[in-house]
Every structure is written in C-alpha cells, then in structure tokens.
Amino acid sequence: MRNSTKIIGIIGVSMLILVVLFAIFGPMISPYDAYKQVGASFLAPNKSHWLGTNDMGQDILSELAVGARTSLFIGVVAAILATTIGGIMGVLAGYIGGRFEMIVMRVIDVVMTLPFLPLMIVVAVYIGPGVMTQIFVITLVMWAGKARQIRAQTLSIKSAVPVLAAKTMGASDFYIFYKHITPGVFPIFIPQFVGAVNGAILMESSLSFLGLGDPTMKSWGSILYYANNRSGFLTDAWMWWIIPPGICIVFVVLAFSFIGYFLEEKVNPRLGMYTVAKKRPKQEFEIVSQLVENQITLAVEKLTVQYPKNNAFTTVVDAVSFEVRQGEVLGIVGESGSGKTTIASAIIQQLRASAHVPNGAIYFEGKDLQLFSDEEIRQVRGQQIGYIAQAAMNALNPVHTVEKQLKEAILAHQKMSKARINQRIDEVLIQVGLEPKWRYAYSHELSGGMRQRVIIAMALINKPRFVIADEPTTGLDVLVQVEILQLLRKLQKEMNLSMIFISHDLPAVLTITDRILIMKYGHVVDSGPAKLLANESNHPYTRRLMDAIPLLKPKKKQHFSEEAQYETVR
C-alpha cells in the first residue's frame, strides 16, 4: 500500500507539471490570440484549430491555455490566503485558549454553518464580479475549516508531555512556539494548502460558471459560462466547447487530490498501511500441524516490526520468536522501549497503522492472525484473547459506569438476555474480588487497585482462553501490586489460562510466570524457565537485572517466592 501511495503521488505531480507547463507555454506556443476572432463561428476541430472555435470564432485551445493561468492563479492565491488565515487563527485559538478561543470558535461555527453556495453568490453579487471578488469569496468560505483542523492539532501538541515539561521549567511562550508548536503544526499546512488549491479551483469554476467572475478574463469556468449562455448545448459545438474545459478542471483537481493524498500520509504516518509478509501455503501447513500436535496456544515466529522515521524504517522488534503452551504463563521483561508492548499489540493486531511488518507470523491455536479479516480479528479480541491494559484510569471510560462497560464487552461478541448479562457481571466482579455493588460506580469513584480489578474483569468477561497482561501493576502501591499478582495467578490456575505477562518489574514477573523472555532494544537476549533463569543464567544483562533486586537476606540460590520478591529495603 505504501508503494501504491508513492505511485499516486508521482502521478499527481506529473499531472500538475503538465497543467503548469500548459498554462505557462500554451499561450506562447499557440499561433492565435485567445481574445480575437481567428476563424468562423462553431468550427469543428481541424488542422488549424485542434479544438475548433466558439460562437465568436475564438480558438478554444488558446482559450484553455489562457484560462489555465487564471484558474491556477485564483486557486493558488485563494488557497494561500485561506490556509494562512485559518492557520494563524487556529494556532492562536488553540494555544491562547480562554475567551479568545471561544470567540474564534463561535465565528468558525457561524461561517461553517452558513450554506456554501448561497453565501458565495450573495457576497459576490454584493461586491461585484471580478478576480479579487472570487479570491475574497473563496478565502471567506474556506478559512474556517482550515482553522478548526489546525486548532485541533495545536491543542494536541499543547497538551503533550514535552510542552508541559517545558512550561514547568519556565519556558517562555515564544520558546514553546518556536520549539514545539511550529514544528508540530507546520507540516500539516502543506496538505491543507494542497487541499485548499483543489477546492479553490472548483469554487472559481463554479463562480465563473454563474457569471460572477471577471468577464474580461478567460478561465475554465468562464468558458463554460459563455458556452451555456450562448446555446452551446443546442449545437454540436458542445463536444469541443464544453467537454475540454470540464476535462481540464477534473484533470487538475485529480492532480491536487493525488498529491494531497500522498502528502497527508507523509505528514500523518498513521494513515500508512500495516503490511505483513506472506508465507508459502506448504510451509504454513507444516507449522500449523506442529502447533496443534504440541498443544501450543500461541506461537510467534521471527516477528519483525518497523516504524517509519526520516524516510526510512526503524526496527523496534527484531526477529522475535517464542511459544506459549496451554495453561502456561510466559513473562516478557525489559526496560522501557525494548519492544514488549509492541509484541502485545502485534498479537492482537492493534499496531499503529504506520507499522510495517516485513517478516514474521503469529499463530493462535494454529491459525495465522495476520491473515484474518478485520471482522475475524475483532471476534478474536476480547472473546478468545483477553487484554489487560496498563494505566486503568485511562483504559476506563470516565463517563460510563462499570456495569455499562462490562455489558458493552459482552454484547460486542455475543447475544445474551438482560438477566444473564446481569448475572455474568456479578459473577466476574466477585471473581476479581469486587462486590457487585461496584457495578454502578464510575472510574473516579474507585481506587487504583479496584480500577485494575475492573480491567481484569473486562478482559475475562467473555471467558477467553488466552490473556495478555500488559504491565497490569504499573502505578500501583506495592501492597496493591501483590494483591493484583495474587489475583492473576489465582484466576490463571482456576481458568487454566494461557498468559503473557509483560512488565519491567522483574520481581513481579518471577512470582507469576513459568518461563521468561528478557528483551533489550527489540531483541530477545535471554530466555528460559523462570526459576532457572533467576538462579543460573550467565547472560550479563540477565545477571544485572537479577542482581538489582533488593533483598534483606544475603544473596544465595533461592526460590523467588512472592514474599521474598517484595521484601524491599525500606
């Protein structure tokens, strides 16, 4: 898909170059003056006049060449003004906020609420026809949409952690604008401008066709206007008088659309497509047979994940392979940025859209998840594979009760009576150690540990066979962490769940897992049974992690019990 987008961009640029060359050199090369009579009226296309003549005997090809200049000029100038005004107002409204933002947004709402075509006609009629009128009207209509989109981007950057950190360090508004807001917002001006040119050319053609353009200047819209007013449709001349300017308008709009599509993906990598490597059917059949025979619930084969950066790809997970057997708990340990959560996202097919997967396969119960359709993978998520997210406060919707969110998780996968839904919600809340009365609570009414129990309940509500716990104890007190770990271990044994437990907290992982993968910079540097790895691994990175565990007792060969791991120095 990425290559096809690049091809579309190249096609768009090529089409635009042709139009620009036609506008620049067409009038110079043409032997006829577009404003003078050079032949009989309504001449059909011939060797002297390739597109024939209009009712006044003017050469239509010459008209198109001169008209290209006018249409492109109006489109580009109006787009520059609309993007500039909209960008400035959007950035200022998003950054300043308060009453200024409220006033700007209300003005934008009014402008965008007014009917587009009547507004253009009324303003143009009031001011009078002309090129400047067209530019003014098009700018007036277009700036509000640009301002709204750029304001949204500014608000996003303004609330980003680096900006907040800069403010806490006393950075001035000028510094924040220069270092954060401008670099973050400016890239989206380019696709916004390209889209504005596209729309402005269409608007110019509409205004000219309605007779609101400059009657003394040729444009594609004015050619259509005169053809319509002078009965071009009543003669055979419509084929060479009306169709060519229409094709020119469509051609240049397509050119800018293709360029805008390409630039938008460049500016916003999320619009890129998630690509996977294809496997040979015979090889896939052999792998699936082995997985089923060995009771392997999940198998990841040489998974590689990359993200675009500076017109290249950065590898964040490099050829990672592992298996999780039925009823087994696999721990994935590593520092922040080692690729742990990326692996989890790849398993449930929730990588960001810009992710590129050049190699690797993910088999769940013998089926390659990467070959599933969107609907098939949606059925797998939450029903067959449960996901316990980190940061429970962010994972829960603050405007909905616990009951509503649990009910939504059920109804997303199965039809169930209201009585049975209520019964299942009570069951799962009790299962995770919460009283049923908390089903009516909102997330802000719960403690951190209670919120995490609700997230676990959501993951288990449909009785999945496999669970991914992505740093489920992050941000919790030590005692609450122990409670959550005990709960997860208890539920895993009761339900015979296969599980991946992801964390950078090695003591927590040692208390719950059967096997461990140690990751660093996207690579698996060590792996093995949890107790064996803790006591006997000679890998320097693993030993550094193990030696960093604070214990009161002298270090010796020992089993990493839950009590020992949390006996920290106080």
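Every read-out reported here was derived from the displayed coordinates using simple, explicitly stated rules and does not represent laboratory data. All of these numbers come straight from a predicted model, not from anything done at the bench. Reconstructed Cβ throughout: ideal geometry from the backbone, glycine too, with neighbour counts over all protein chains shown.
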In order through segment 212-225: 3J(HN,Hα) via Karplus (6.51 cos²θ - 1.76 cosθ + 1.60), integer Hz, x for Gly, Pro
9, x, 6, x, 8, 10, 7, 8, 4, x, 5, 4, 5, 4
Counting sequence-distant residues (5 or more places) and residues on other chains, those with an amide H built under 5 Å from that of Asp526 are Ile518
DSSP beta bridges in the chain, what fraction antiparallel, as a percent rounded to 5?
55 percent
For semi-axes √(5λ) of the Cα gyration tensor in Å, which listed value, (i) 136, 59, 18; (ii) 41, 27, 21; (iii) 63, 28, 23, comes from the coordinates shown?
(iii)
Work out the FRET efficiency for Leu479 and Leu117 from their Cβ-Cβ distance, taking R0 = 56 Å, and round it to the nearest 0.05.
0.25
With a point put 7 Å past each Cα toward its Cβ, work out how far Lys309 is from Ile80 in nm, to one decimal.
3.7 nm
Let me have the 222 nm mean residue ellipticity of the chain computed from DSSP H runs of 4+ only, each contributing -39500 (n - 2.57), with the sum over all residues rounded to the nearest 500.
-17500 deg cm²/dmol
Distant-in-sequence amide H partners of Thr297 (H built 1.01 Å from N, under 5 Å)
Val324, Arg325, Gln326
Apply the Karplus parameterisation 6.51 cos²θ - 1.76 cosθ + 1.60, with θ equal to phi minus 60°, to every residue of segment 378-385 and state each ³J(HN,Hα) to the nearest whole Hz, in sequence, with x for glycine and proline.
5, 5, 6, 5, x, 9, 9, 10
HN-Hα J in Hz across segment 323-331 - Karplus 6.51, -1.76, 1.60, θ = phi - 60°, x for Gly and Pro:
9, 10, 7, 4, x, 9, 10, 9, x
Interchain or long-range residues, amide H under 5 Å from Ile468's placed H:
Gly386, Tyr387, Ile388, Ile500
Using the Cα centre as the reference, give the magnitude of the dipole from point charges on the C-beta atoms of segment 61-267 (Lys, Arg: +1; Asp, Glu: -1; all else neutral), rounded to the nearest 20 debye.
540 debye
With contacts defined as alpha carbon pairs under 8 Å and 6 or more residues apart, what's the relative contact order of segment 61-267 in percent?
31 percent
In degrees, nearest ten, helix 2-29 long axis to first principal axis of the chain (Cα)
20 degrees
For the Gln326, Gln414 Cβ pair and Förster radius 30 Å, calculated FRET efficiency rounded to 0.05 is 0.85
To the nearest 10 degrees, how steeply does helix 98-113 sit against the main Cα axis of the chain, on a 0 to 90 scale?
50 degrees
